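Read through the structure below, which is laid out as structure tokens, and then see the notes.
What follows is calculated from the coordinates using simple rules that are stated; it is not laboratory data. On a predicted model such as this, the values are computed, not experimentally measured, just so you know. A quick note on method: Cβ atoms are made from the backbone with ideal geometry, for glycine too, and the neighbour counts reach across all protein chains shown.
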Amino acid sequence: MEPSLAENSEEGCYVALTHEHLRAQDIMDRVRSPQAGAIVMFAGTTRDNFAGKPVKELQYSAYIPLALKTMLSICTDIRARHGLMSIAIIHRLGIVPIGEESILVAVSAPHRQAAWRAGEEALEDCKKHVEVWKREEFQGEEGIWRANRDGLPGQKIAEKDEEG
């Protein structure tokens, strides 16, 4: 059974994957600093539709060790490039119902513009690189696996014939 929380951190950077409900205040508190004049927080939530279809829920899966390593690498790079005080990213795994958060990104910086830019970049880098996959469950239809990075539907791979 997977742990309910897997995390990693180094100076000014915190990343986690969890099966638990995400709490915005907790991640904001992780980046809070007396030297920061800005904290920017992004919450990605499950919406009730995609491409005109009613969404029932989303399900997320990850290769946890590699996903944490990739997330931490993204954080350390962005922290250095934008002069951040701190950055934290937490992604929820398992079922994420409509209206609930699947990812939280929080950054603190001396000035707001750096925080805004860094938060957006962190989110886009996570979607592009982190080893997390999403299954969209639609009302009355079979679900579709999607890669976070491109949002394209997955391709079903035919099983090999056992005899040949």
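Based on the Kirkwood approach, the hydrodynamic radius assigned to the chain is 16.6 Å, with every pair of different Cα atoms included.
Among the lysines of the chain, pairs at least eight places apart or on separate chains and with Cα atoms under 27 Å apart come to 15. The distance between label points at K53 and R32 comes to 4.2 nm (points 7 Å beyond Cα on the Cα→Cβ vector). Above 15 Å, the calculated P(r) of region 80-146 contains 60 percent of its Cα-Cα pairs.
Taking 4.7 Å between beta carbons as the limit, the unpaired Cys residues of the chain are C126.
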